[in-house]
Amino acid sequence: VQKNLEQFNKYLLEYKYRDVKPIATKLLHVGYVLIAGFSLYNEILSLRTEDKTTEFAEFKRLVHNSFASSEITKIGKHYARLGLDRLATHHDVNRAYKFRIKAVHPDKIKGGSEADRLEMNELSKKVNESKEVLLLEENRVAFSGLQFQFKYLDPIKTIREDLQKKIRELLESGAYVEVKKMHVSVRENLGQIAALVHPPLNVPELQVNLTGKIKDHFKSLRIAINTYWRERKYVELQSSLSRLHQLEDLFIHDADIVNENETWKGIKSDIEAEIDKLAEVLKIFLKDHGEDKAFQEINDFALKLVRIGRILDGLPDFKSVVFLKMRNVLDACLEKSWGFPFLFRLGLILEQGENIDEVEGDANVAKSIVSEFPHFGEVRTFSWNEETVQKPVEQSIKEICGEIFISSRTTPDPGDKKMLLNYYQQYEECFNTFFNNFISPDADRKMLISKVMNCARDLQPSSIDKWDNSVINVLPFLLAGVFAYFTLCKSGESFNRLSEVNAKDDNSKVLMKAHPVQVLTILNILSRPQLPNHLMEVKTGEGKSFILGSCAAVLAILGFNVAVVCYSEYLSSRDNALFNEIFEDFGIRNYVSYSRITKMREAEVAKVANIREKTLELFKRSSNVSNSSQQTISPSHMVSNKGKDGTYSLSTAAETSMTDNDSEEASNSMSTTAVDCTVSSEISPAVTRKTIILADEVDVFFSSSYYGQSYTQLALIEDPLVSNLLRRIWMERTTTHLNLRRIQSWPEYAKLLSKYSTWRHIIDTEVRAMLADVFFFQ
């Protein structure tokens, strides 16, 4: 009874009215049995003894709370005493009485004790009482309609009020999928339980009522959208638009709810038309203004641009439209002869928030415009150069501090700061020479590359053992060449264009160039007589990407393979893209790699053998063969693993040197580690370069998750037999006592084991893992 009552209430809450009907019918019959038979049993039991057990008390409470407790329920015991059902007629009562009285009449007892005769006499009186009660038609009518008083049906009696309250809450919270589910179920299935209560539920009336509430919500959303658009409250507007769009998608085929003339598409078109008007105002500005007037009224132009930018910032649904319109406006600026300096000045106004305070938050919108569009690349560089603290080189060198770690002992490392200053001065002189010689648009910048490569070609040590003063002394020249080429490629054109119109101004701040701290970091780490095992720490915002990229370029030019490793795939890809053009033009692209630490390990292992392929070959070779003599690796050397994506796989236990974990911790540090990756001539005689690791986020590299840990490579076994077993476990997941022994009796398991009989321990381990996962699956 308790189980059915719980299921009954659960289905009601989930609007599964089709499933409610059979449970309600079952409970109806059970209720009459309880009110009749249990009432009589309870009376007889009370005459003999008082049952004080917890179970009996709970059962009485269940009957009382879930079915009925009125005086009418007392009629039930008379039906039970005469053996009648709830639909018994006057004739049925008389016939049942005659049959029952014969069985309990005192004359039936012959030779019985006086106590037995008294008991039979008492029973006869009760049978007569039951007959008298049930011969009254009003009592029979009352009992036959008792079902409508069953308390478990109360939620159906109040379902109209409950659903109206619930739909208001769901609409206000934006739970529109639940609203749709309720609406469909009321329309299609609620009628099946309407007659369970008296008076019956008026389903059409309730459906009209719920439909009206949904329509009213549509109307309120449209009013809110118009208000928010008029008041330029874009964040609130976006929320209302998203809700309207979702609601409309769910009810688009309900003509009683969605008006074709007031759809989200229509509102979207209206907003896009307004965006067109705002963009057109800016185009007219550019068309009607000459250079002098445009610069005079540039603040007005900036404010109009910010007004469109508010939509870009606050209405993601219209981002593509707004972005296209704004890009067209900015492109139109560049078509003017004075467009480039105008855009530069405009970008500075937006970046600095000058005279842009029409609405709170406009300054942030202006900054987002600068960061969003490539037209303001020079402004971003200018701002970065402005904001970055530029200390005198001498002060930066003075503040450099270091320590030497040997056998857990730490000693100060004063370094040769005088020599470092000398190297920097050489770098600066070379950089300026390169820049001045090749900044002209007519200059052949390939000559710069040739100068650098020719210098390096005579030195290429290709080994850390040959890292001496002959290499160190030319580092300033090589580094200056790399950074000069980087600066010319990234910002040389912008510098020239600004210089054409502002020759008197210092336009160097639009140059994307290395700052002294970045140059000093590289010179400090590479000017050591022993190259490996150095850690360098720089502050946040001092540009590790610059340091790593240029350092990798110099080392590759000197004949090394360089692996720049990081814990993040995104950061690795981003930094690689920054220097990709330089790597390509210097012809060192094949010698510099950016990757996560684990990907680098994969590449190193692959130079020796493809462990995954070897594992799969072993696994397949031993299929259908037990204790094969051809096996080169014992099954005991294989381990079962479950990957992060939930797939099950097999891997060798012989591992490399790092785990496949991603730490989210990070600091602003880097390290160099020289690794001897020379492979014997038997494998690949062409490989001669040594590999140097540049480790970004070095605290992650040396954390307990990576350094000193094993890196397990996984080989996935894909087979339809595995899929069949997985599917069977999923289908049987709710079965009681689902365990390994039971699964081993399935034909799916037997077929898999038959094919891979050598690997039973692997299969059983994976099945246990599958069971653990399916039990806790949410």
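The values are calculated or read from the model by the stated rules, or taken from the named source; none is laboratory data. What you see is a predicted model, and the numbers here were worked out from it, not measured in a lab. All Cβ positions, even for glycine, are placed from backbone atoms using ideal geometry, and neighbour counts span all protein chains on display. Heads up: the accessible areas ignore ligands, DNA and RNA and are worked out on the full protein's heavy atoms, side chains in. Shrake-Rupley method; radii C 1.70, N 1.55, O 1.52, S 1.80 Å.
Quick one: would you say PHE495 is within 19 Å of LYS451 (Cα to Cα) and either open to solvent by less than 40 Å² (accessible area, probe 1.4 Å) or modelled with pLDDT of 85 or more (or both)? Explain how you work it out, then say what you get.
Numbers: within 19 Å of LYS451 (Cα to Cα): no; either open to solvent by less than 40 Å² (accessible area, probe 1.4 Å) or modelled with pLDDT of 85 or more (or both): yes.
The answer is no for PHE495.
Scan the stretch 439-493 residue by residue and report those that are in contact with a Cys (Cβ under 8 Å, 6 or more places away or on another chain) and of a type in the set (Phe, Trp, Tyr).
Answer for the stretch 439-493, where residues must be in contact with a Cys (Cβ under 8 Å, 6 or more places away or on another chain) and of a type in the set (Phe, Trp, Tyr): just PHE477.
Kindly evaluate SER470 against the criterion of being assigned to a helix (DSSP H, G or I), at pLDDT below 90 and under 20 Å from CYS551 (Cα atoms).
yes
Any chance the stretch 302-314 includes a residue that's surrounded by 16 or more Cβ atoms within 10 Å (Cβ to Cβ), modelled with pLDDT of 90 or more and either in contact with a Gly (Cβ under 8 Å, 6 or more places away or on another chain) or under 26 Å from SER499 (Cα atoms) (or both)?
yes
Which of the residues spanning the stretch 402-437 are β-branched (Val, Ile, Thr) and more than 20 Å from LEU511 (Cβ to Cβ)?
ILE404, ILE406, THR410, THR411, listed by residue number.
Of the conditions (1) modelled with pLDDT of 85 or more; (2) among the aromatic types (Phe, Trp, Tyr); (3) surrounded by fewer than 16 Cβ atoms within 10 Å (Cβ to Cβ); (4) over 30 Å from ARG243 (Cβ atoms), PHE323 fails just one. Which one is it?
Failed condition: (4).
Does the stretch 147-168 hold any residues that are without any contact (Cβ under 8 Å) to a residue 40 or more places away in the chain and either open to solvent by less than 70 Å² (accessible area, probe 1.4 Å) or more than 50 Å from the chain's Cα centre (by Cα) (or both), and which are they?
If we filter the stretch 147-168 for residues that are without any contact (Cβ under 8 Å) to a residue 40 or more places away in the chain, which is where we start, we get 154, 158, 161-162, 165-166.
Once the filter is applied, which keeps residues that are without any contact (Cβ under 8 Å) to a residue 40 or more places away in the chain and either open to solvent by less than 70 Å² (accessible area, probe 1.4 Å) or more than 50 Å from the chain's Cα centre (by Cα) (or both), the stretch 147-168 yields ASP154, THR158.
Report yes if ALA88 is modelled with pLDDT of 80 or more, open to solvent by less than 30 Å² (accessible area, probe 1.4 Å) and either over 30 Å from TYR15 (Cβ atoms) or not in a helix (DSSP H, G or I) (or both), otherwise no.
So ALA88 fits the description; yes.
Just to be sure before I move on: is ARG100 surrounded by fewer than 17 Cβ atoms within 10 Å (Cβ to Cβ) and assigned to a helix (DSSP H, G or I) in the structure I sent?
no
Would you be able to tell me the number of residues in the stretch 431-447 that are within 22 Å of ILE588 (Cα to Cα) and either open to solvent by 40 Å² or more (accessible area, probe 1.4 Å) or more than 47 Å from the chain's Cα centre (by Cα) (or both)?
Looking only at that region, the number is 6.
Cβ-Cβ distance below 6 Å, separation of 6 or more or different chains: which pairs start in the stretch 23-41 with a residue that is open to solvent by 10 Å² or more (accessible area, probe 1.4 Å) and end on one that is hydroxyl-bearing (Ser, Thr, Tyr)?
ALA36/TYR79
Pull out all pairs, ordered by first then second residue, where Cβ-Cβ is under 6 Å, the residues are six or more apart or on different chains, the first lies in the stretch 178-206 and is more than 13 Å from LEU12 (Cα to Cα), and the second is assigned to a helix (DSSP H, G or I) and of a type in the set (D, E, K, R).
VAL197/LYS157; LEU206/ARG160
Which of the residues belonging to the stretch 302-320 are aliphatic (A, V, I, L, M) and within 25 Å of ASP288 (Cβ to Cβ)?
Quick first cut of the stretch 302-320, residues aliphatic (A, V, I, L, M) only: 302-303, 305-306, 308, 311-312, 315.
Listed by number, the residues that qualify are ALA302, LEU303, LEU305, VAL306, ILE308, ILE311, LEU312.
Any residue in the stretch 589-607 that is assigned to a loop (DSSP other than H, G, I, E, B) and over 28 Å from the mean Cα position of the chain (by Cα)? Walk me through it before giving the result.
To start, the set of residues in the stretch 589-607 that are assigned to a loop (DSSP other than H, G, I, E, B) comprises 607.
Filter once more, so that each one left must be over 28 Å from the mean Cα position of the chain (by Cα): 607.
Within the stretch 589-607, one or more residues are assigned to a loop (DSSP other than H, G, I, E, B) and over 28 Å from the mean Cα position of the chain (by Cα).
Can you tell me which residue within the stretch 287-332, out of those that are within 37 Å of the chain's Cα centre (by Cα) and of a type in the set (Val, Ile, Thr), is farthest from ASP357 (Cα to Cα)?
This residue is VAL321.
For PHE376, which of the numbered conditions (1) open to solvent by 60 Å² or more (accessible area, probe 1.4 Å); (2) in contact with a helix residue (DSSP H, G or I) (Cβ under 9 Å, 6 or more places away or on another chain); (3) of a type outside the set (D, E, K, R) fails to hold?
Unmet for PHE376, out of (1) open to solvent by 60 Å² or more (accessible area, probe 1.4 Å); (2) in contact with a helix residue (DSSP H, G or I) (Cβ under 9 Å, 6 or more places away or on another chain); (3) of a type outside the set (D, E, K, R): (1).
Within the stretch 728-749, does at least one residue satisfy the condition of being more than 32 Å from the chain's Cα centre (by Cα), of a type in the set (Gly, Ala, Ser) and open to solvent by 80 Å² or more (accessible area, probe 1.4 Å)?
Yes, because at least one residue in the stretch 728-749 is more than 32 Å from the chain's Cα centre (by Cα), of a type in the set (Gly, Ala, Ser) and open to solvent by 80 Å² or more (accessible area, probe 1.4 Å).
Mind counting the residues in the stretch 591-610 that are of a type in the set (Phe, Trp, Tyr) and open to solvent by 50 Å² or more (accessible area, probe 1.4 Å)?
1
Got a number for residues in the stretch 455-465 being more than 20 Å from TYR423 (Cα to Cα) and either in a helix (DSSP H, G or I) or touching a strand residue (DSSP E or B) at 6+ places or on another chain (Cβ under 7 Å) (or both)?
So the answer is 3.
I want to confirm something. Restricting to the stretch 516-575 and keeping residues that are part of a loop (DSSP other than H, G, I, E, B) and within 30 Å of the chain's Cα centre (by Cα), which single residue is surrounded by the most Cβ atoms within 10 Å (Cβ to Cβ)?
TYR567
Taking the condition in contact with a Lys or Arg (Cβ under 6 Å, 6 or more places away or on another chain), at pLDDT 85 or above, closer than 26 Å to LEU498 by Cβ and part of a helix (DSSP H, G or I), does VAL370 pass? Please lay out each step first, then the result.
Values: in contact with a Lys or Arg (Cβ under 6 Å, 6 or more places away or on another chain): no; at pLDDT 85 or above: yes; closer than 26 Å to LEU498 by Cβ: yes; part of a helix (DSSP H, G or I): yes.
No; evaluated as a whole, the condition is false for this residue.
Say whether the condition of being surrounded by fewer than 22 Cβ atoms within 10 Å (Cβ to Cβ), farther than 30 Å from ARG760 by Cα and among the aromatic types (Phe, Trp, Tyr) is met by at least one residue in the stretch 612-622.
Among the residues of the stretch 612-622, not one is surrounded by fewer than 22 Cβ atoms within 10 Å (Cβ to Cβ), farther than 30 Å from ARG760 by Cα and among the aromatic types (Phe, Trp, Tyr), which makes the answer no.
Does the stretch 130-146 hold any residues that are open to solvent by 40 Å² or more (accessible area, probe 1.4 Å) and either touching a residue at least 24 places away in the same chain (Cβ under 8 Å) or not in a helix (DSSP H, G or I) (or both), and which are they?
Within the stretch 130-146, LEU135, LEU136, GLU137 meet the criteria.
Consider LYS181 against the criteria (1) of a type outside the set (S, T, N, Q); (2) touching a helix residue (DSSP H, G or I) at 6+ places or on another chain (Cβ under 9 Å); (3) surrounded by 15 or more Cβ atoms within 10 Å (Cβ to Cβ): it satisfies all of them except one. Which criterion is unmet?
(2)
Taking only pairs six or more apart or across chains, which ones have beta-carbon atoms under 7 Å, a first residue in the stretch 411-425 that is at pLDDT below 85, and a second residue that is in a loop (DSSP other than H, G, I, E, B)?
Sorted first by the residue in the stretch 411-425, then by its partner, the pairs are ASP413/GLY402; GLY415/ILE400; GLY415/GLY402.
When the stretch 711-727 is examined, which residues are found to be hydroxyl-bearing (Ser, Thr, Tyr) and surrounded by 13 or more Cβ atoms within 10 Å (Cβ to Cβ)?
TYR711, THR712
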